[in-house]
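The values are calculated or read from the model by the stated rules, or taken from the named source; none is laboratory data. Model, not experiment: these values are computed from the prediction. FYI the Cβ positions are ideal-geometry reconstructions off the backbone, even for glycines, and counts take in every protein chain you see. These area figures cover heavy atoms from the full protein model, side chains too; ligands, DNA and RNA do not enter into them. Shrake-Rupley method; radii C 1.70, N 1.55, O 1.52, S 1.80 Å.
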Amino acid sequence: MSSQDSASVVPLRFQASAIASPPSNDASILIFGASGDLTARKLIPAVFMLQRKEYLPANVPIIGVARREKSHEEFRAEMKESLSKHVRGGITDAEWETFSRRLFYVCSNLDEGADFGPLRKSVEEIERQQGVAGTRVIYLATDPKLFLSSVEALGRADMIPPAESPRRLRVVFEKPFGHDLNSSRELSHSLGRLLREDQIYRIDHYLGKETVQNILLFRCGNTIFEPLLNRNHVDHVQITVAESQGIEAGRGGYYDKAGALRDVLQNHVLQLLCLIAMEPPARFEADAIRDEKLKVLQALSTNGSAISEWAIPGQYTAAEIGGKPVPGYLNEERIAADSRRESYVAMQVQIDNWRWGGVPFFLRTGKRFPERISEIAIQFKHPPMHLFQTVECVGDMCQFVGAQSNSLVFRIQPSEAILMSVSTKRPGMQYQLHSVTMDFQFEEAFGGELPEAYERLLLDVLRGDSTLFTRSDELEEAWKFVTPVLDFWESQSVRPEPYAAGTWGPAKADQLLAASGRRWRKPTASDVPKH
Ligand code: BG6
């Protein structure tokens with residue numbers, strides 16, 4: 001049997017939505033919080049790119065909703081400006097002509113107790129004009145305090161269609177979805193009384209990133225890696241979401257209440273962990289995938305040690321980066337002078353199941369790292385014996401070293417790549433080892449720019465595909481895991497460990513790995529070779 005023949009007997013299990021298909025043209029998109037930063041920086045550019053790539057039928061209206069009085073024309077002018085800032089290479093007159101025709105603005109009070117009756121009338125009028133009466137997507141790009149009251153107001157205005165209605169409603173929630181286990185449960189419970197789970201789309205924009213989507217494809221589309229991803233071959237896994245920036249202007253108020261654990265680890269980092277550690281799903285379908293991710297979260301454990309042993313908070317202090325002084329966390333705008341909020345967190349966790357039992361997973365995220373780098377690094381075990389050795393010298397000190405252990409790295413940003421390090425022979429008369437990197441680079445391989453996460457996610461909402469969105473039970477499990485840490489830090493008034501801005505985090509986080517003879521990676525953009 002040829003390889004083609006054998007491929008054809010493998011059962012083909014995908015759902016239609018897994019194939020890129022344009023959404024129906026019978027849809028409208030409402031963005032609540034249309035005056036905000038997210039709308040200008042991410043959402044409108046993402047919708048624009050969908051139009052440019054011909055995923056968005058011309059009649060689909062985009063209706064901005066916010067408190068401020070504004071005409072359609074004023075809204076269009078604002079959005080034109082943000083497109084010119086946020087779409088690389090700018091936009092053409094013809095593109096703007098088509099795009100501006102789909103932009104509308106409706107002023108509405110969004111506060112608790114708001115009456116959406118007038119909003120409904122205006123929206124229906126626009127939809128009638130555009131000839132759409134099918135799916136209504138409502139993106140809540142608002143303060144999370146308004147999530148529940150907005151949905152309640154939708155209910156009062158009869159804007160939540162029942163299951164049997166030909167109209168469909170999909171409500172998209174930005175994070176944070178709750179502040180801890182209880183608040184997230186309460187929110188889920190209250191929303192659950194008004195919306196069905198299939199109407200709720202909880203965004204985690206990391207799931208919209210190309211390399212992140214590629215994790216499952218890489219694992220399940222190749223036969224050679226999956227058999228190695230388990231406790232027999234893997235020494236440990238490191239997941240890093242490192243940002244070089246400090247607290248961006250205008251975000252201090254939010255960040256000082258959230259901190260690195262709530263802001264990024266509870267959602268983006270744990271989602272990455274799920275994708276790398278989950279079992280392959282039986283089908284490529286939203287619930288089959290989310291069932292497997294859920295099992296990873298349920299198996300998360302910490303080996304019973306005290307929280308202070310495996311969860312290390314950090315806070316950056318003032319330093320010079322590239323010759324320029326940068327303020328410490330406590331001196332950032334709208335941060336309390338005595339804040340105990342962590343701008344960094346590192347954790348050692350385990351996944352107690354047959355595949356991963358005993359393999360440490362080291363997680364870290366935070367602000368003011370030396371570089372903006374996100375990656376998952378799988379560090380394989382050392383070869384069982386050192387048949388070959390090589391001499392390595394640092395200054396006058398030389399020593400024999402054996403082969404390095406292999407690593408497989410999913411580089412999520414800045415340059416998306418998959419990197420595999422292997423040992424090879426250095427050319428010459430002796431058996432000298434040399435570690436080389438085999439790489440696959442997305443932009444190099446496919447050319448052009450990769451789609452922005454929000455493009456993919458918005459398209460999926462229009463298609464009704466919730467694969468890349470977090471289900472309520474996943475969310476609850478993630479909060480269940482992190483809430484005891486937050487409670488411990490709060491109740492014990494734990495002060496985060498200081499680290500100088502522009503470094504890899506506090507020394508105590510190094511000890512997490514050093515205790516077992518391991519080290520954090522120090523990834524850099526130049527790990528991705530230039531060809
Ligand atoms: C957001 C966090 O969810 O993710 C921000 O709220 C963080 O604090 C951002 O900066 C990081 O996303 P990205 O895509 O830039 O890595």
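Computed values, structure above
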{"quantity": "Sequence of THR223, THR524, THR39 when ordered by accessible area, the most exposed leading, probe 1.4 angstrom", "calculated": "THR223, THR524, THR39"}
{"quantity": "Cleavage-rule hits (trypsin sites (Lys or Arg not before Pro)) in the stretch 19-99: DSSP loop, at most 13 neighbouring Cβ within 10 angstrom", "calculated": "LYS53, ARG68, ARG88"}
{"quantity": "Helical mean residue ellipticity (222 nm; -39500 (n - 2.57) per DSSP H run of 4+; nearest 500) of the chain", "calculated": "-9000 deg cm²/dmol"}
{"quantity": "Restricting the stretch 195-252 to trypsin sites (Lys or Arg not before Pro) in coil, as DSSP defines it, with at most 15 other Cβ within 10 Å", "calculated": "ARG196, ARG231"}
{"quantity": "Amide H partners (placed H, <5 Å) of LEU169, local residues excluded", "calculated": "ARG136"}
{"quantity": "Accessible area expressed per residue, the chain, with surrounding protein chains retained (probe 1.4 Å, Å²)", "calculated": "47 Å²"}
{"quantity": "Relative packing of peptides 171-177, 145-151 - highest average C-beta neighbours within 10 Å first", "calculated": "171-177, 145-151"}
{"quantity": "Cut-off under 5 Å, modelled amide H: who pairs with SER374 long-range", "calculated": "ALA242, ILE412, GLN413"}
{"quantity": "Set of aspartates and glutamates with alpha-carbon distance to LYS70 below 16 Å, sequence-local pairs under 8 removed", "calculated": "GLU78, GLU81"}
{"quantity": "Spin-label model distance (nm) - LEU194 vs LYS257, 7 Å beyond Cα toward Cβ", "calculated": "1.8 nm"}
{"quantity": "Shape call, the chain: gyration tensor on alpha carbons, a/c limit 1.5", "calculated": "prolate"}
{"quantity": "Free-standing Cys residues across the chain, given no other cysteine C-beta under 4.7 angstrom", "calculated": "CYS107, CYS220, CYS274"}
{"quantity": "Protection proxy ranking of 233-245, 413-425 - average other beta-carbon atoms within 10 Å, highest first", "calculated": "233-245, 413-425"}
{"quantity": "Modelled FRET efficiency - R0 30 Å, ALA336 with GLU186, Cβ distances, 0.05 increments", "calculated": "0.70"}
{"quantity": "Share antiparallel - DSSP beta bridges, the chain, percent rounded to 5", "calculated": "60 percent"}
{"quantity": "Three-way shape call for the stretch 362-509 based on the alpha-carbon gyration tensor, with the a/c threshold at 1.5", "calculated": "oblate"}
{"quantity": "Per-residue ³J(HN,Hα) for the stretch 296-313, Karplus 6.51 cos²θ - 1.76 cosθ + 1.60, θ = phi - 60°, Hz, x for Gly and Pro", "calculated": "5, 5, 5, 8, 4, 8, 9, 6, x, 7, 5, 3, 5, 7, 10, 10, 10, x"}
{"quantity": "Under the Karplus curve 6.51 cos²θ - 1.76 cosθ + 1.60, θ = phi - 60°, whole-Hz ³J(HN,Hα) for the stretch 266-281, x wherever Gly or Pro sits", "calculated": "4, 10, 4, 5, 5, 5, 5, 4, 4, 5, 7, 9, 5, 6, x, x"}
{"quantity": "Candidate aspartates and glutamates - alpha carbon under 15 Å from LYS508, same-chain residues fewer than 8 apart omitted", "calculated": "GLU309, GLU342, GLU497"}
{"quantity": "Cα-Cα over 19 Å, subset of LYS367/LYS522; LYS145/LYS257; LYS42/LYS80; LYS42/LYS530; LYS42/LYS522", "calculated": "LYS42/LYS530; LYS42/LYS522"}
{"quantity": "Interchain or long-range residues, amide H under 5 Å from LEU30's placed H", "calculated": "ILE63, VAL137, ILE138, TYR139"}
{"quantity": "For the stretch 481-486, Karplus couplings with θ = phi - 60° (6.51, -1.76, 1.60), whole Hz, Gly/Pro x", "calculated": "6, 8, 4, x, 5, 4"}
{"quantity": "All-pairs alpha carbon distance profile, the stretch 121-221, 5 Å steps from 0, percent", "calculated": "2, 10, 18, 20, 16, 13, 11, 7, 2, 1"}
{"quantity": "Rounded, prolate or oblate (a/c below 1.5 giving rounded, otherwise prolate when a/b exceeds b/c) for the stretch 325-402 by Cα gyration tensor", "calculated": "oblate"}
